[in-house]
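The values are calculated or read from the model by the stated rules, or taken from the named source; none is laboratory data. All of these numbers come straight from a predicted model, not from anything done at the bench. Neighbour counts are summed over all protein chains in view; Cβ atoms, including those assigned to glycine, are modelled from backbone coordinates with ideal geometry. SASA here: full protein model, heavy atoms, side chains in, ligands and nucleic acids out. Shrake-Rupley method; radii C 1.70, N 1.55, O 1.52, S 1.80 Å.
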Amino acid sequence: MKNASTNAASEGNGYKKRSQLGSVCRRFAKSRTAMAGLLILALLVLIAACCPLFLNYTQDVVGQNIRQRLQPPCLAHPFGTDQYGRDVLARVLWGTRISLSASLVIITAATVFGALFGALSAYYGGRVDNLIMRVMDVFYALPFNLMAICIVASLGNGIFNLGLACVIGVIPGFTRVFRAAILPIRNQEYIEAARACNTTDWRILTKHILPNALGPIIVQATLNLAITILAIAGLSFIGLGIQAPTPEWGAMLSEGREQMRNYPYLVIFPGLAIMVSAMSLNLIGDGLRDALDPKLKN
């Protein structure tokens, strides 16, 4: 009888978890805008993953051909060619790989550090909370773009320094979200029961607190992916990010701005890539926010 009741309870818990996840997925699927954003993002990820299969980086992406310079869009070059004879379509497609991978690494690092600082601040409170949050307030008071420009200008150009600047700029927002999500959880009865069982603080944080605070974090990470893509493009546009000849969208805009009067396609297509990627991530973030809203649960 004991085993039967235990199995029934476990099956009930499993059904509850599946039904909760299923309800979130159903609410997300009902949003047409969110599904459109997810479809666009899936296409961008597919392009980023398959680029090396049909494009040769040395020849098709960064290889120069002066004889074909500044050709308008045609069958051979659907997006035209730039001032160095490079195919704009190939560079835009490869730029998808660079922008998405760089922003994903940045947001992953910011999420890890934000989770660590926010969890420690909310769980321990007191002096630990004051110390962490006052430091975060200092960074949060500085405009993100200005702080990123200062860091990159002082450390030098390069993708690593660009990523470091973006991570430092995004961490305070993640820390605040984690802290706000964990504060209502830390005094729940199951947390007190875990403490009474001499469970370590690390296990309580990782097994009981953080999994129950993932909803706002997922939304924050999705929305900040779009912000990071825009930040990478903006810093590269002013010459403080990814440098030529690497095909990054912001760097392509910077290279084409001198020719945009006579050859507007040099800035139209990279600009559209930035807009579409940021829009898709914002649509997904809005859909996740609505799907994870407890007020909308039936």
Completion exercise
Mean separation of Cα contacts under 8 Å (at least 6 apart) over the residue count of region 131-220, i.e. the relative contact order in percent, is 28
Handout entry: the chain: most fluctuating residue of T228, T96, T33 per GNM, C-alpha cutoff 10 Å
Key = T33
Practice task
If a/c stays under 1.5 just call it rounded; otherwise compare a/b with b/c (prolate if a/b is bigger, oblate if not). Do that for region 8-153, with a ≥ b ≥ c from the square roots of the Cα gyration tensor eigenvalues.
Solution key: oblate
Practice task
Using only the Cα atoms of the chain, build the gyration tensor, take square roots of its eigenvalues as a ≥ b ≥ c, and label the shape rounded, prolate or oblate: rounded if a/c is under 1.5, else prolate if a/b is larger than b/c, else oblate.
Solution key: prolate
Handout entry: For the chain, accessible area per residue (1.4 Å probe, heavy atoms of protein chains only), Å²
Key = 55
Practice task
Evaluate 2.2 N^0.38 Å with N set to the residue count of region 156-298, then give the Cα radius of gyration divided by it.
Solution key: 1.44
Practice task
Summarise the accessible area of the chain (1.4 Å probe, protein heavy atoms) by the percent that is carbon and sulfur.
Solution key: 63
Exercise for the section: Give the angle, between 0 and 90 degrees and rounded to the nearest 10, that separates the Cα long axis of helix 126-141 from the longest principal axis of the Cα atoms of the chain. Expected result: 20
Completion exercise
If each part is reduced to its alpha-carbon centroid, region 234-276 and region 140-181 end up apart, in Å, by 22
Practice task
Please arrange S121, S23 by accessible surface area, largest first, computed with a 1.4 Å probe and ligands excluded.
Solution key: S23, S121
Handout entry: Cα centroid separation, region 49-125 to region 22-42 (Å)
Key = 25
Practice task
Just name one of V45, I274, L230: the one whose Cα is farthest towards the positive end of the charge dipole of the chain (beta-carbon charges, Lys/Arg +1, Asp/Glu -1).
Solution key: V45
Practice task
Quick one: angle between helix 2-30 and the longest Cα principal axis of the chain, in degrees between 0 and 90, rounded to 10, please.
Solution key: 30
Fill in the blank from the handout: Treating only Lys and Arg (+1) and Asp and Glu (-1) as charged, each at its beta carbon, one finds that the chain has a dipole about its Cα centre, in Debye to the nearest 20, of 800
Completion exercise
Between the Cα axis of helix 214-237 and the main Cα principal axis of the chain, the angle (0 to 90°, nearest 10) is 20
Handout entry: Calculated [θ] (222 nm, deg cm²/dmol) that DSSP helices of n ≥ 4 give over the chain, each run adding -39,500 (n - 2.57)
Key = -24000 deg cm²/dmol
Practice task
Label region 219-278 by shape, choosing from rounded, prolate and oblate, from the square roots a ≥ b ≥ c of the eigenvalues of the Cα gyration tensor; if a/c is under 1.5 it is rounded, and otherwise prolate applies when a/b is larger than b/c, oblate when it is not.
Solution key: oblate
